[in-house]
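Enquirer: Take this structure first; my questions come after.
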Amino acid sequence: MTKDLTQTQTKLLAMFKWFHAFCVEHRLRYYALGGTMLGAVRHQGFIPWDDDIDVGMPPQDYLRCIELMQKNTTGNYVVESPVNPGQDFWYPFAKMYDTSTTVVENTAARIKRGICIDIFPLAGMADTMREAKQNYQKLAWRLNLVLGHIAGIRHGRRWYKNMFIRAVRFLPDWLVQYQQLYSQIHHLSTQIDFDSKAYGGNLCGAYRCKEIMPRDFFGAPTLYSFEDTQIFGVEKPDEYLTHLYGNWRQIPPKEKRKTHHDFITIDLNKSYLSEN
């Protein structure tokens, strides 16, 4: 039975059900990632204080998903990505938005969209961890610049990260060429088949290089209970979650039970597409 959910979680759960059905219908592989995977295993749904959904897809499924969703003209869900970016879309991965809602996050660009599911490409990297980490460096500096360009200054973030964000803001766009960086990150994240290498993962994830791991942790998409539905996750959850979080079974202390999102505006009853 579904536990008491926040209004945002209820909206996100409806989105997740739609996304899962869409992937099943079109035979697209996906995996719950990060806190979504942790929630599925530890809480059989959302982490109670969490308010986002992250999924990853092998490159061929990721690109196909974007292509198919661009053709979808029914309902409130749309996808934006480096393949089909809006004028002010600044992310190096795909996002599926609920157009019936409005969200403005505390980012430098104040991007106005709706609540969303983050969809990441899962990149194949190498056949050894050492080589995989070396290959990741081709992307790391680009990703640092891009995320520094997007991010807002936030209380509670480590001081040196806020300092880096401030420094990046002084770099002129003509010098950094952000659109070129987005294209390069997209290419590096999708150029190698996930199934062809022993190591890979979500190169654009919050844990950066730590998200590179043995591909067999992901294995075949495996069904997990998630609130009142089922979703696909990794085949080896203990190995995956231990690699990311260490002792993932332990509930964090109360002071750390908080969302990582910093919303300036959130309206679940108003479309971001409306003019007023």
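The values are calculated or read from the model by the stated rules, or taken from the named source; none is laboratory data. Just so it is clear, the model here is predicted, and its values are computed rather than measured. Cβ: placed from backbone, ideal geometry, glycine included. Neighbour counts: every protein chain shown. With ligands, DNA and RNA removed, areas are computed over all heavy atoms of the protein, side chains included. Shrake-Rupley method; radii C 1.70, N 1.55, O 1.52, S 1.80 Å.
Enquirer: Could you grab me the full set of residues in segment 236-276 that are modelled with pLDDT of 95 or more, part of a loop (DSSP other than H, G, I, E, B) and under 19 Å from the mean Cα position of the chain (by Cα)?
Expert: none
Enquirer: Moving on to the next point. When the residues of segment 15-59 are filtered to those that are free of Cβ contacts under 8 Å to residues at least 12 places away in the same chain and assigned to a helix (DSSP H, G or I), which remaining residue is farthest from residue 251 (Cα to Cα)?
Expert: 25
Enquirer: Let me ask something additional. Which one is most open to solvent (accessible area, probe 1.4 Å), of the residues in segment 79-126 that are touching a Ser or Thr at 6+ places or on another chain (Cβ under 6 Å) and outside any loop (DSSP other than H, G, I, E, B)? Even if it seems obvious, please write down each step before you answer.
Expert: So in segment 79-126, the residues touching a Ser or Thr at 6+ places or on another chain (Cβ under 6 Å) come out as 94, 99-100, 104, 114-115, 121, 123-124.
Next cut, outside any loop (DSSP other than H, G, I, E, B) only: 94, 104, 121, 123-124.
Working: 94: 0, 104: 22, 121: 4, 123: 1, 124: 1 Å².
By that ranking, first place goes to 104.
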